[in-house]
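The values are calculated or read from the model by the stated rules, or taken from the named source; none is laboratory data. Nothing here was measured: the structure is a model prediction, and the numbers come from that model. Ideal geometry is used to build each Cβ from the backbone, glycine not excepted, and the neighbour counts take in all protein chains shown.
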Amino acid sequence: MEAPQRSVSRRLWDLRYVALLVVTLSGLIAGGVCWWADARHAADVIWTVVTAIALVPAVWAVVQGLMRRGVGSDVIAVLAPAGTLATGEFLAGAVIAVMLTGDQAPHRHHRPQEEFWYFNNGMSP
């Protein structure tokens, strides 16, 4: 039996969380370099953008939860970075953004149903 094949577009779509992690981590580092180089305003702008980027999937998760009439811990994932932006704590927001995207990347990229298929057919992935 042959393993189920996924299209290129589906594989790229599955990598979106890894891409978010790379973008947020790169932004955190770039902001740090700007801060160290005494370009404080540029660092704040970079960290704000990084935080906003991480807020998009978090807000989307909350909206989906509300549509299913359930609110979970995703609300905290929105309130924490939004609070850092509201209080001007841009570095903290960028750190939270990396934490949020870093938590999502391995869980969302992992495809347990494929491993189940391999296991049921006596193969290893």
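Some points to look at:
- Of all residues in segment 81-102, those satisfying the criterion of being of a type outside the set (A, V, I, L, M), in a helix (DSSP H, G or I) and out of contact with any helix residue (DSSP H, G or I) (no Cβ under 6 Å at 6 or more places or on another chain) are G83, T87.
- Within segment 1-80, helices (runs of 4 or more DSSP H) holding 2 or more residues that are within 12 Å of the chain's Cα centre (by Cα) and buried (at least 18 other Cβ atoms within 10 Å of the Cβ): 16-36, 40-67
- Within segment 38-81, the residues that satisfy the criterion of being touching an Asp or Glu at 6+ places or on another chain (Cβ under 8 Å) and aliphatic (A, V, I, L, M) are A58, A61, V62.
- Candidates T51, T84: the one that is more than 27 Å from W13 (Cβ to Cβ) and touching a residue at least 24 places away in the same chain (Cβ under 8 Å) is T84.
- Whether a residue is modelled with pLDDT under 90, among the polar types (S, T, N, Q) and within 14 Å of the chain's Cα centre (by Cα) was assessed, and Q104 passes this test.
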